[in-house]
Structure formats: structure tokens, C-alpha cells
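The values are calculated or read from the model by the stated rules, or taken from the named source; none is laboratory data. Remember, it's a predicted structure, so these values are computed and weren't measured experimentally. Note: ideal-geometry Cβ built from the backbone for every residue, glycine included; neighbour counts use all protein chains shown.
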Amino acid sequence: NEGSLWGGRFSGGPADALAALSKSTHFDWRLARHDIAGSRAHARVLHRAGLLDDGELAGMLAALDALDDDVRTGAYLPAESDEDVHGSLERGLIERAGPALGGKLRAGRSRNDQVATLGRMYLREHARIIAGGVLATIDALVEQAQQHLEVPMPGRTHLQHAQPVLLSHHLLAHAWALLRDVQRLQDWDRRAAVSPYGSGALAGSSLGLDPEAVAAELGFDSATHNSIDGTAGRDVYAEFAWVTSMIGVDLSRISEEVIIWATKEFSFVTLHDSFSTGSSIMPQKKNPDVAELARGKAGRLIGNLTGLLATLKGLPLAYNRDLQEDKEPVFDAVDTLEVLLPAVSGMIATLTFNTERMASLAPLGFALATDVAEWLVRQGVPFREAHELSGAAVKLAESRGVELWDLTDEDYAGISEHLTPGVREVLTVEGSLNSRDSQGGTAPAAVRRQLTALAAQLEEA
Ligand code: ARG
């Protein structure tokens, strides 16, 4: 049973069918260099515990360095007979250090605490890369908002015209959501920065090893306080899968709008040629594939989360082999976002907005009716009555096929004595927008303050 991690109590090797089922090198090999980093730290605590002498430590570290080089260059790859990354690298170590020395490294550790630690190391690294991609997407939104700070557009609820808003305000709404995603990744990292190394198979170690020293060497803040939790807990992975799903959902919501905005009917945006695709049959086509792939991949990310949660839900403590299924969902989430984020941020950064069309549509659909009602409130009319009076004006305008500003002073006076010509001050998009200068409102002055607040939080992120 050459190269296997066990065998003493078995009379033969595993069946081919079991070996094929068991195998994980095709997806866990990406942890190889983290595994070697863990081995270096483990060798040092074995040395400090008196289980490796100075010469053995030096020999072990030299062999690990040689193995690391070969892994990095691709000269060392998992063999067909290797079950997982940990077993394969022990084989590689023994080839370089010899069985007498190489066979000593496994003391006091288990693949259970190794794999739980290496996964966290990998995810922490990639959480930073993903956060960088989300920040680049936020930058693209902020840049577009600054370029179009005072451009009005139709604000919608239920996809119906609701009230005019600034395009900048709308774009920044997406930026705030993505900023919270970055903050979530940072907050997640506090829980991920705890090392399970030293938990052993489930019960800790009898060899006087120092898990805190391993944790520190591997860039963690501390070591786990419970070896069962350390080896069997996967909430940190599940939380990562949730945060990455949320990022996918947030990108999907932006993308859905880009898809709608790019239709002939809306004609709010033109996609840059370099971020759109053509059709193999229809020569005129220009398709928003980036946005559609973002929308599609959100489903995939959600699937990763639900699949992982389903794997975890019935598991008794401590380690069960089901947990080998923990890696592909989170690795896929990493791969998906790392390829998606640059495309979405590029698409946003290169969008051209049809600002005249957006501005001209902003007041249509009686989108200023709320302004009329709130103007009446400022004249002392109770809102209930103001709502009714504004609604009557809408009804009259609609029956004539005109807009609110087309009604005459007499028309307004006929509806109510309160509707004096002064109401015209809010019957323009500009008047409507300027009036909404509360914190978080869409007035240009409020959006400028918003940009300052966002910049301050981005500074900290
Ligand atoms: N490859 C396994 C995993 O990814 C780790 C090995 C633990 N196997 C075991 N029989 N205890 O979870």
C-alpha cells in the first residue's frame, strides 16, 4: 500500500471504486502551498517540543523548501495513486527527506485539523482579492456618479415611474450595498483568523505542541479553543459562501438594470463595444452578456451556499468525510467572483448614459404628484387631504392626456383654493429634486454630502 497514509490494520489496498470516490486531489491541490506552509510551522513546534533535533528540523525545512519549489514550478504534481493533497505532499516529502525523517512530520497532526486550517488560509487570501474587486466596482460606480452628478432620471418603485431622482443617487445606492459587502468580508475575517491546527483528529495532542505558535506563523490571530469545533465546524466556510452569494446578488441587481436600460425601449445606456457581444446570425445585435452572466452566476453562487448548508445540516460531531464536500462550493465561489468582478466593474466604468433621454423622462408618469402633495403640506394642508387633491389633479391631467404642468391656474383653483399658482415651483424636475435635501435624499446638495460620507467609509475599508 505504497504512498498510503494508513495500512497497518488492513490486509489490502482500497478497491478502485473507493479510491476513485475518495479522491480529492483534482480540487484540493490548490491548497498545496498552504499545506507546506503548515508543515513548516508544524516542524518548528515539533522541534520546540523536543521531537525533532536541530539537524532534523534543518533537514525537514530543506526538504519542504525543495518540495515547495517543485510544487510551484509544477515539477511535483499529485500522482494517480494519491488520495488528497495532504497524502500526496507527505509522499513528496518522504521522497526528498527519506522515510526516517519524512515519517516524523505527521506526529500530532491529522488531515482533519490540517484541511480545516488550510481552507481558512486560502479563503482569507482570496477574500482580500474579492474585496479588491468589489472596491473596483464601487470605484466605477462612484466615478460614473461624479461624472453625472446632476443628471435627473425617473426614479421607480414597482418598476413604475415614482419620483425623479438623480442618476448619481441611483448609482450610489448600488455602491453602498457593495461597500457593506466589503465590510462583511472584513468582519468575516475576524472569525476566519482562528487556526484549527493542533486540534488533531478531534481531541487535541498529547505531544506538548503549541497551536498558538503555529497560528501566528500562518498569519492567524489565535488558535481554536475547542479541538472538536476546530475540526468539525464549517460555519466560517458557510458564512464565506453567504457573503459571496450576497455579492453575486448585488452584482446581479445592477446587471438586471443594465440589461433593461440597454433595451431599445429604455435606451438609457449604451454598452461599450469591448463589454458587449454580437450575434452569430443577427448582424445588428449588441448584447449585454457581461450583465447576463453576472445575473446567471448569482444563481450558481447561491447554489454553492445552499449545497454547503445541506451538507452540514445532519452532521454529528466531530469530523465526517462528508466534510470533504466543503471545498468545491467555496472554491467555485472564489473562481466565479474573481472572473466576474473585473468584467462587471469594466462594464460599469465604460457605460455611456443617454442623459438627455433620462432627464426628459424623469417627470413623466405624473412623477411630480408627491411634490404637489408635499407642497400643500407646507401650506398647512393635512397630508390626507393633500394626497386627495394632488390625486384629483392627476386624474384631470390624465383625462386630458396632458401632464401636471400643463394644467392652468384655473384648473388648479377649481380643484382646491389651496392650489394657488405657487404650486408651480415644484412642478419642475429641478424644483422637485432640490426640495429633497434631507440626509440621504436625492437633492444635488444631499448627494454631494453622500459622496463625502461614502468616501470616508471607503477610506476605512
Ligand atoms: N481530504 C479530506 C477532506 O478534505 C481530509 C482527510 C480527512 N480524512 C479522514 N479520513 N479523516 O476533508
query: Is there any pair linking a residue in the stretch 71-92 that is closer than 23 Å to R321 by Cβ to one that is of a type in the set (F, W, Y) and within 12 Å of the ligand (Cβ to nearest atom), with Cβ under 6 Å and at least six apart or on different chains, and which?
result: P78/W29; V85/W29
task: Output the number of residues of the stretch 277-303 satisfying the condition of being outside any helix (DSSP H, G or I) and either touching a helix residue (DSSP H, G or I) at 6+ places or on another chain (Cβ under 7 Å) or closer than 22 Å to A145 by Cβ (or both).
output: 2
query: Here are some conditions: (1) touching a helix residue (DSSP H, G or I) at 6+ places or on another chain (Cβ under 6 Å); (2) within 24 Å of S206 (Cα to Cα); (3) in contact (Cβ under 8 Å) with a residue 60 or more places away in the chain. L46 meets all but one. Which one does it not meet?
result: (1)
- request: Output the residue which, of all residues in the stretch 75-131 that are hydrophobic (A, V, I, L, M, F, W, C) and in a loop (DSSP other than H, G, I, E, B), is surrounded by the fewest Cβ atoms within 10 Å (Cβ to Cβ).
  value: A75
query: Within the bounds of the stretch 216-227, is there any residue that is within 16 Å of the ligand (Cβ to nearest atom), over 24 Å from V334 (Cα atoms) and not aliphatic (A, V, I, L, M)?
result: yes
message: Among the listed residues E95, E83, identify the single one that is within 16 Å of the ligand (Cβ to nearest atom) and on the phi < 0 side of the Ramachandran plot.
response: E83
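Yes/no per residue for (1) surrounded by fewer than 18 Cβ atoms within 10 Å (Cβ to Cβ); (2) out of contact with any strand residue (DSSP E or B) (no Cβ under 6 Å at 6 or more places or on another chain):
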{"residue": "D235", "(1), (2)": "yes, yes"}
{"residue": "W261", "(1), (2)": "no, no"}
{"residue": "F275", "(1), (2)": "no, yes"}
{"residue": "K285", "(1), (2)": "yes, yes"}
{"residue": "A291", "(1), (2)": "no, yes"}
{"residue": "K313", "(1), (2)": "yes, yes"}
{"residue": "R321", "(1), (2)": "yes, yes"}
{"residue": "E325", "(1), (2)": "yes, yes"}
{"residue": "T336", "(1), (2)": "no, yes"}
- request: Go through the stretch 178-232 residue by residue and tally those that are touching a strand residue (DSSP E or B) at 6+ places or on another chain (Cβ under 9 Å), over 17 Å from H34 (Cβ atoms) and free of Cβ contacts under 8 Å to residues at least 12 places away in the same chain.
  value: 2
query: Going by the conditions given, is P329 in a helix (DSSP H, G or I), within 16 Å of the ligand (Cβ to nearest atom) and either farther than 20 Å from S227 by Cα or assigned by TED's automatic domain parsing to the domain that holds A201 (or both)?
result: yes
statement: The number of residues in the stretch 21-49 that are more than 20 Å from G98 (Cα to Cα) and away from the ligand (no atom under 14 Å from the Cβ) is 4
task: May I ask you to list the residues in the stretch 304-326 that are away from the ligand (no atom under 16 Å from the Cβ), outside any loop (DSSP other than H, G, I, E, B) and either over 27 Å from I254 (Cα atoms) or touching a residue at least 12 places away in the same chain (Cβ under 8 Å) (or both)?
output: N304, L305, L309, A310, K313
query: What do you reckon, is A393 at pLDDT 95 or above, over 35 Å from the mean Cα position of the chain (by Cα) and either assigned by TED's automatic domain parsing to the domain that holds A177 or outside any loop (DSSP other than H, G, I, E, B) (or both)?
result: yes
